[in-house]
Amino acid sequence: MSRSVSVTAAGQCRLSPLIQVILDCSHLYDYTVKLLFKLHSCLPTDTLQGHRDRFMEQFQKLKDLFYRSSNLQYFKRLLQIPQLPENPPNFLRASALSEHISPVVLIPTGNSPPDSETLVETDDLVGMDSSSHQNIPENKFDDIFGSSFSNDPFNFSSQNGMARDDKDRLIEQLYKEIAILRDDLGNFKAESHRLVSNLKGRIQELEAELAEQKHLREQAVDENEFLRTELEELKRQRQDTEKAQKSLTEIERKSVANEQRYTKLKEKYAELVQSHADLLRKNAEVTKQVTVAREALGDVERSKKELEDSYQRVNEHTQRKAQEQIHQMDELQGALESRQQELQLLQSSIDTSKQDCLRQFKELEEGFLQRLMQEVEGIIHEALQQLDEPLYTTGSVSTDFLISRTVAAVDSTEKLDEAWKRHMSNTSDVNSLLPDLVQFAHRISDVIMQGAQTRTSDKLCDSCRTCGTEALNYISSLKDKAMQSEANCSQITAMLKHIADIAQELRPPSLDIKEEELGDLVEKEMAATAAAVEAAASRIEEMLKKSRTDDTGLKLQVNEQILGSCTDLMQGIQALILASKDLQKEIVESGSGATSPKEFYARNSRWTEGLISASKAVGWGATVMVDAADLVVQGQGKFEDLIVCSHEIAASTAQLVAASKVKADKNSSNLTRLQQASKVVNHNAAGVVASTKSVKSQVEEEDAMDFSSMTLTQIKRQEMDSQVRVLELESQLQKEREKLGDLRKKHYELAGVSEGWGDAAE
């Protein structure tokens, strides 16, 4: 935390718990150092290696904590934090204990008057100082004598029951604090005298024990000297005995005796040396304890003097604080009145700004609506311009698809008219108008563009152009505020219906089927389509099982990826066929009335023929895809066949949905289910295309040419052959595209909706 943050109230709230942590850390550090010196005097140094390592780590962290805390402004006014030595204590040297200085955290008893910037924090700092000074004595006093606040002689509120102002409460609180400090001072003096007496007695005991240890040491030294003299005498006797050599038996006996005595003397000498070392260690411990006791006595004397000084400072500080707070209350009262006046001015300014914002928002909405209408006019203008371009007059769209677009455009026009009427009654509701306006523009432009691509009919093109002109006039009337009330979309609706009638006239002749056979034919074709799709799914499963049994490696991976995506597509087609059957049944039940389903199909023969054609296209596409997948798995087919089959299935699916949607209710749940199934089929068809392209790239990478063994001449020859092949393929591609265009044009001329799979969806 930075030094500036420690001055704020929030920073002080976060730093206040660290006061007790710093106090505890100083004591714990002192006790830990002394305990480690004690352990090193009793145990080997290798055993305490882990303790020393952990102490070094904690020493660095504690040193860093004391250093950073001492630099914070908040702690400078509350604590005097000591600094740890530069290097940690050396526990391997016993004399280093005498060099250890216990860190003492001093808590100043008074604070300087606060500056103007930190005036808000004064109460918190004083409260914290008081709590830190009074915590231990007050708790000890309460534990022995109980709470003393219940019989406070200064608690006048409990005697007369009258409410007092803040000044009286503050004075009473200060008197209480003075009384508590006096009691604490008396208790501390008594405790200090008791500690001094105990320490003096302990010093006398330690001095007596030290004298006794010195006496024992002198005795051990004398005994050691005597034994050394006797040992030298024995050595001289042994030399004399060897020189004399009077008798071998006597020499051996004396030698054995001398050896035994020498061994005993040696053991005794070792015991004396060990005892001497123990006495020296005890002497050092006693000396250390005496030093600690003297330091503690000095600390007690210093604490006593500091407590007396703090009492005087607190008494002066409380009186000065009372005067400052009275002056502060007067200043705050004046500031409160000025802030109330500023608040009234700000409230009036906010009301004015709010009115300006509402007015600007209204202007923005109107401007956005005008710009959106300009965009709508631009979309319709662009569609009208495309009527005159030969590229868009190809005749590649079926008349039934154009009729469905006109129906959607009529519905969008009516919705826009209703939304505009609601907007005129409630001008603030602009959001509900925008979607209908955008949808109207796209539906009208869609009708114009699809009309240009349906058949090369001048009458149809003129009607589409007139419809676009009426739509532009209608949008212009909506933009002009003077003509908004007279805006009418009936001309647009009439022209859309006229376009639908022209498209109906341009429809190709129907299939040569008897009307009484249409009902049975629909059921047969739907059943045949379902059977074909089910058979295709079964074939794919068999092919997948066979591939997993016979193939391995890249071929197995390729086959699984292709057949897996084809399986998903077949499942989606099966769901599509079931949804189409349910929707077909609903359409027949709602449209036949009292007549039979066969009569309903006969009455709507055009629609029935389109449904039969779409069903055939779906079944045929599934069968062709299975055949193409079988050839690809066997290595005899082309990946492009699968891609084309996927596109054909997507187109036939769109044709089936469009044929079913013509007679279905817009709110039908079965229609919604059919549309969802169509989306799944399109997604799975796209998955087949993606997996086919991925597999194709893997195979091409596997079959990539190896240029490592080819010479420059061979590479040049291969390059020329590739260029020739590219030119041949480009020529063939152009011819095939022209052939495809002719086939599609002839296809629509001969079969119309009954055989128009792909282009209606495209």
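The values are calculated or read from the model by the stated rules, or taken from the named source; none is laboratory data. All values reported here derive from a predicted model rather than from experimental measurement. Positions of Cβ are generated from backbone atoms using ideal geometry, with glycine treated the same way; all protein chains shown enter the neighbour counts.
Points worth noting:
- Sole exception among (1) buried (at least 17 other Cβ atoms within 10 Å of the Cβ); (2) at pLDDT below 70; (3) of a type outside the set (Asp, Glu) for Ser510, by number: (1)
- Candidates Lys246, Lys235, Lys282, Lys266, filtered to the one that is more than 60 Å from the chain's Cα centre (by Cα) and not in a helix (DSSP H, G or I): Lys246
To keep it simple, each residue is scored yes or no on (1) farther than 30 Å from Glu99 by Cβ; (2) surrounded by 14 or more Cβ atoms within 10 Å (Cβ to Cβ); (3) out of contact with any Gly (no Cβ under 9 Å at 6 or more places or on another chain).
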residue: Val300; (1), (2), (3): no, yes, yes
residue: Glu306; (1), (2), (3): no, yes, yes
residue: Asn315; (1), (2), (3): yes, yes, yes
residue: Asp330; (1), (2), (3): yes, no, yes
residue: Gly334; (1), (2), (3): yes, no, yes
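- Residue check, Glu301 charged (D, E, K, R), within 46 Å of the chain's Cα centre (by Cα) and not assigned by TED's automatic domain parsing to the domain that holds His442: no
- Number of residues in segment 475-491 that are in contact with an Asp or Glu (Cβ under 7 Å, 6 or more places away or on another chain) and assigned to a helix (DSSP H, G or I): the value is 3.
- Scanning segment 217-233 for residues that are farther than 30 Å from Ser255 by Cα and exposed (fewer than 15 other Cβ atoms within 10 Å of the Cβ) yields Glu218, Gln219.
- Scanning segment 216-274 for residues that are of a type in the set (Asp, Glu) and at pLDDT 80 or above returns Glu218, Asp222, Glu223, Glu225, Glu230, Glu232, Glu233, Glu259, Glu267, Glu271.
- Of the candidates Pro89, Pro44, Pro82, the single residue that is within 30 Å of Val286 (Cβ to Cβ) and either buried (at least 18 other Cβ atoms within 10 Å of the Cβ) or in contact with a helix residue (DSSP H, G or I) (Cβ under 6 Å, 6 or more places away or on another chain) (or both) is Pro89.
- One residue from Gln60, Gln73 being within 43 Å of the chain's Cα centre (by Cα), modelled with pLDDT under 90 and either surrounded by fewer than 17 Cβ atoms within 10 Å (Cβ to Cβ) or in the same structural domain as Ala284 (by TED's automatic domain parsing) (or both): Gln73
- Test: residue in segment 555-572 that is in the same structural domain as Met625 (by TED's automatic domain parsing) and at pLDDT below 70: no
- Failed condition for Ile180, given (1) over 23 Å from Val290 (Cα atoms); (2) exposed (fewer than 14 other Cβ atoms within 10 Å of the Cβ): (2)
- So Ala322, is it part of a helix (DSSP H, G or I), exposed (fewer than 11 other Cβ atoms within 10 Å of the Cβ), in the same structural domain as Glu205 (by TED's automatic domain parsing) and over 43 Å from the mean Cα position of the chain (by Cα): no
- The residues of segment 618-663 that are more than 19 Å from Trp607 (Cβ to Cβ), within 48 Å of the chain's Cα centre (by Cα) and among the β-branched types (Val, Ile, Thr), listed by number, are Val626, Val632, Val633, Ile643, Val644, Ile649.
- Single match in Ser348, Ser353, Ser310 (criterion: small (Gly, Ala, Ser), touching a residue at least 24 places away in the same chain (Cβ under 8 Å) and at negative phi): Ser310
- Among the candidates Ala629, Ala659, residue that is under 15 Å from Val533 (Cβ atoms) and either of a type in the set (Lys, Arg) or touching a residue at least 12 places away in the same chain (Cβ under 8 Å) (or both): Ala629
- Lys176 vs. criteria assigned by TED's automatic domain parsing to the domain that holds Thr291 and either in a helix (DSSP H, G or I) or under 30 Å from Arg313 (Cα atoms) (or both): yes
- Residue ranges of helices (runs of 4 or more DSSP H) in segment 635-753 with at least 2 members basic (Lys, Arg), modelled with pLDDT of 80 or more and outside the structural domain of Gly564 (by TED's automatic domain parsing): 712-751
Conditions tested, residue by residue: (1) of a type in the set (Val, Ile, Thr); (2) within 21 Å of Glu218 (Cα to Cα); (3) in contact with a helix residue (DSSP H, G or I) (Cβ under 7 Å, 6 or more places away or on another chain).
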| site | (1), (2), (3) |
| --- | --- |
| Leu248 | no, no, no |
| Tyr262 | no, no, yes |
| Glu267 | no, yes, no |
| Leu272 | no, yes, yes |
| Ser275 | no, yes, yes |
| Leu280 | no, yes, no |
| Thr287 | yes, yes, no |
